[in-house]
Amino acid sequence: MKTKCLIIIASLLLGNNTYAIHHNENVPLSKSIHIIPQPLKLEQKSGAPFLLTPKTNIVFTEGLKPQAQYMQEVFARSTGWDLKTRQGKTKKGIFLSIDTIKVPKAEGYLMKVTEKHISIVAHDASGVFYGIQTLLQLLPPSIHSQTRQYDISWTVPPVCIEDA
């Protein structure tokens, strides 16, 4: 217990996010995930992370073009990449959609991250926005930079997150 407290204090003082709110004793410390506010459900999956590249597409369903453009703008500032956005469906890249059956609560979302795909399914456009905010927390902190960052591996760990 004393060691765990020291790790938390050191992490806070040094700005190190290796110890997270979602720390699970069965998960190595370096693989912990830190999201604020804490989602209703967060399940870490096995497998390789999703790697954001200049060829990653942001695909959206009808009515979500503003959310896709917002994501594109945030990524462009820090990565220097103008990711393509388009309406439709995809099994690769980032997919934004609305499904009130899968996500019955207003402003809720379900995010699944695999090696090839990030899916944010929400009850409404607000839920997609909140899902994007969670996604940004899963990327390296440099994603919030106002200038292009070099030598960053833009990866997202494989997870399943539900929140509302």
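Here are the numbers for the structure shown:
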| item | result |
| --- | --- |
| Residues of the stretch 34-82: accessible area per residue with a 1.4 Å probe, Å² | 55 Å² |
| Relative packing of peptides 50-60, 114-124, 149-159 - highest average C-beta neighbours within 10 Å first | 114-124, 50-60, 149-159 |
| Cα gyration tensor category, rounded, prolate or oblate, for the stretch 110-164 with a/c compared to 1.5 | oblate |
| Under 18 Å from the Cα of Lys102 - aspartates and glutamates, other chains or at least 8 residues apart | Glu43, Glu62, Asp124, Glu162, Asp163 |
| Additional length obtainable on full extension of the chain from Lys102 to Lys89, 0.36 nm per residue less Cα span | 3.0 nm |
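The values are calculated or read from the model by the stated rules, or taken from the named source; none is laboratory data. None of these values were measured; they are calculated from a predicted model. FYI the Cβ positions are ideal-geometry reconstructions off the backbone, even for glycines, and counts take in every protein chain you see. Ligands, DNA and RNA are excluded from the accessible area calculation, which covers all protein heavy atoms including side chains. Shrake-Rupley method; radii C 1.70, N 1.55, O 1.52, S 1.80 Å.
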